[in-house]
Every structure is written in C-alpha cells, then in structure tokens.
Amino acid sequence: LKCMCGSRFLDFVTCQVQAPAVKYVMDFSQRLKQMFTFTVVAGSFIGILALVRLAWPPQISARDSQFETVATRFPSMSYQSEPHYPLMAEIVRHLFDGTIIICYKETCNKHREGGRAWPPWAQKKILVQDGAEVDASINLGRGDGNRHHMRVTLCHLVAVEKAALAGWTSVLILEEDMHETGTARRFSSGAGLVSKLGELLSRTEWKGLKFSSTFGFRNGRNVHTRYLQSLQGSAELPTEIRTCKDLCRCEHAPGWSRAAQDKYGIEICHTSINNSAPPPDYRRDVLNFEYHCEMRSSVAYAIHKSGYGPFLALLKDARLFASGEIKWRDRNFQAFHIDQFTAANIPTLFHVLPAIVGQGVGVVDDHSKEFLGNCSDFSVTPQ
C-alpha cells in the first residue's frame, strides 16, 4: 500500500492518462497533414486540366451538335450571333478610320458593347455619341419648333469634331435607327463589294460618300426631276417627260468598273454643287437649291478629313451663339439642316446606288432606284 501510494504510483496513473491523449493528438495531426497534401495535389491537377482545355478546346462532333444549347435555342444570347447590320459591319471594319453612331439616351444601348447589334471586331471601331450629352454641353435654345433639326445637326457637327480631334482621315457617321435595305440584304457576304469600294476610295479624291439618300418627293413630285408636258399628250391625259435637274446629274465614278457594277448591282456616281461663289467657311443658304441638288437623309454617310472644314466652322459659330458672343441674326442659321448642309457644303458627293441603308419605314430603296434611273447614265442589272 505504501509503495502503491508513493510517487511511482502517481507517475503510473499520469502516464496512463496522458499517453492516449498524446497519441490521439498526434494521429489527428497526421491525418490533417495527409488531407492537406491530398487537397494541394488534387487542386493542382484540376488547374492543369483547366489550362489544357483552354489551350486545346474540344471539338464538337456531328453527333454532339444535335443537342440543344443556350446559344442554339436563344441566338440573341450568344456573342457569335449574327450582327443586325452584316454589310455595314464589314464597311465599319474595313473602309474608314472610325465610326460614330448618333443616338439618344436608351436608343444608344443596342449599339454599345454588349448590345449585340455589332460583332466584336466591328465594335472596336465604333464610338457611340449620346445626343443628350451634346444637348447639355451646347444649348442653342430657339424654342421647340426649331429644336429638333438643330439638335440633330449639332450632333453631326460634334461627331465630325471628334473625328478631327482623334486624327481620323475619314469617319463614318450613322444614326441609331438605321436599317439595311433590300439591296444590302442581297449580299450573303459583303466582303467582295467592300473590297472594291476600298479600292475605289484609295485611288479617288473624295470628300463625302452617302450610303443613303431618300431623294424624296415634295407635293407629289420627285425633287430631283424636271416634269415637262409632252406636246403629244392631251389636256385630259397629259404625257410627262421626266428629265434630271442639272445639279442632280450623278456622274459615274471613273474608278468603278462596269464589271463591278454588273457583278454587285451597285452604281457609284457623284453629284457636284455650283461653285460659282464658294464661301470662305461654309454655305449658309442650304435651302437654296440653285446651288446643289436637294436630297434628304443623313442616316449613313462618310466624310474624308478634307471635307471636315465646313462642319467645324458651323460648330464654332454654334458655340459662339450658345455663349452669347454672337447673335442669331449675325449668322444665317438655316444651315442647321444636316441633310441639306451636307449636300451644299461637300463639293463632290459620291453616292452608293441603290441605297444600302434606310431609315424608319421609308421607301429609300424605291427613291434611290428612281434617282438612279433618272439622273445616272448607267443602268444597274444585278446578277
């Protein structure tokens, strides 16, 4: 009993209690170490597999392609979905230094990155310009009656300024409600046509190129045509002779071959303004059609840097007016009609006919075809 109650007995008891606890802790630590090692190895292996998959994506077999995916069921959700403007996307990509799309608030969304209207390779060359921001920076006032066409014109002027400041040698200006016409939709791929247009522009001195003009009607008559009554017609049923107005004559572009015309069904020609008294900055009386052909729609056109001058000059006057430095009467601000301003201030304006871009639900295709028939020396026979 004395021996059992001595120090050896206490050491024995302590040893019996501590030993299992120490062993348990050591075993648990060893297991944690093994789990950690396994986790690191497994994570590394998964990471390597992910890198291999990115480097060599799997090929989808014909058997696998029959299964429906989000991209096939909802094409608009796929970044590979077709652009809304396939021909214009090629033009944006290849022909000009940059493109500026004029829009207003929510209408800008579809043209921004992620809006899916343009493929990524075209989106890189597109700058979206919100008209609301332009309105906030330059307030022309003048009441509701004049405000719309003035604000639209101002947006176009600011777009040209942005192109000039960016050092672009050319700029394509589009309005957000554009659509491709039936003529444009004939092309399953516009690569060939765009390439030919590029060749033409590279060897031609040009200032402006319109992809759309309505050449519309006023009082039931086409604005570019002279209507003459034939002497052979009776008073009740007069026969009209239609001839093109001199300033609306569209001369064939020498660099556009007849072979290209027949192949693509597209004519390239140009109108010219009467330069008897060219102004030093810009022509103000743009509604005086003794100097230029009347044409409408500025939904899609391009300007070479050599044609920026009049646009920048009018924008300078607009800022002076907005700041109160000049009075409205000091300048003839009827120039704030972008359709006619472009026609009156670009001496030689090239046209793609029939038009490949329209606006709204208009009949731009029919108008441009009639203009082509009345005012061009060449007939187009699409293949």
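Quick notes on this one:
- Looking across Thr183, Thr153, one residue alone is open to solvent by less than 30 Å² (accessible area, probe 1.4 Å), closer than 21 Å to Gly358 by Cα and either in a loop (DSSP other than H, G, I, E, B) or at pLDDT below 85 (or both). It is Thr183.
- Scan the stretch 303-313 for residues that are out of contact with any Asp or Glu (no Cβ under 8 Å at 6 or more places or on another chain) and either β-branched (Val, Ile, Thr) or buried (at least 23 other Cβ atoms within 10 Å of the Cβ) (or both) and the total you get is 1.
- Residue match in the stretch 281-292 (condition: open to solvent by less than 10 Å² (accessible area, probe 1.4 Å), out of contact with any Pro (no Cβ under 8 Å at 6 or more places or on another chain) and modelled with pLDDT of 75 or more): yes
- Of the listed requirements (1) modelled with pLDDT under 85; (2) open to solvent by 50 Å² or more (accessible area, probe 1.4 Å); (3) assigned to a strand (DSSP E or B), Tyr227 misses just one: (2).
- Scanning the stretch 189-220 for residues that are among the aromatic types (Phe, Trp, Tyr), at pLDDT 75 or above and within 19 Å of His179 (Cβ to Cβ) yields one hit, Phe211.
- Residue among Leu353, Leu320 that is of a type in the set (A, V, I, L, M) and either over 23 Å from Ala253 (Cα atoms) or modelled with pLDDT of 90 or more (or both): Leu320
- Tally, over the stretch 230-250, of residues that are over 28 Å from the mean Cα position of the chain (by Cα) and at pLDDT 85 or above: 1
The values are calculated or read from the model by the stated rules, or taken from the named source; none is laboratory data. What you see is a predicted model; the values in this text were computed from it and never measured. Neighbour counts are summed over all protein chains in view; Cβ atoms, including those assigned to glycine, are modelled from backbone coordinates with ideal geometry. Just so you know, the surface numbers come from the protein's heavy atoms only, side chains and all, with ligands and any DNA or RNA stripped out. Shrake-Rupley method; radii C 1.70, N 1.55, O 1.52, S 1.80 Å.
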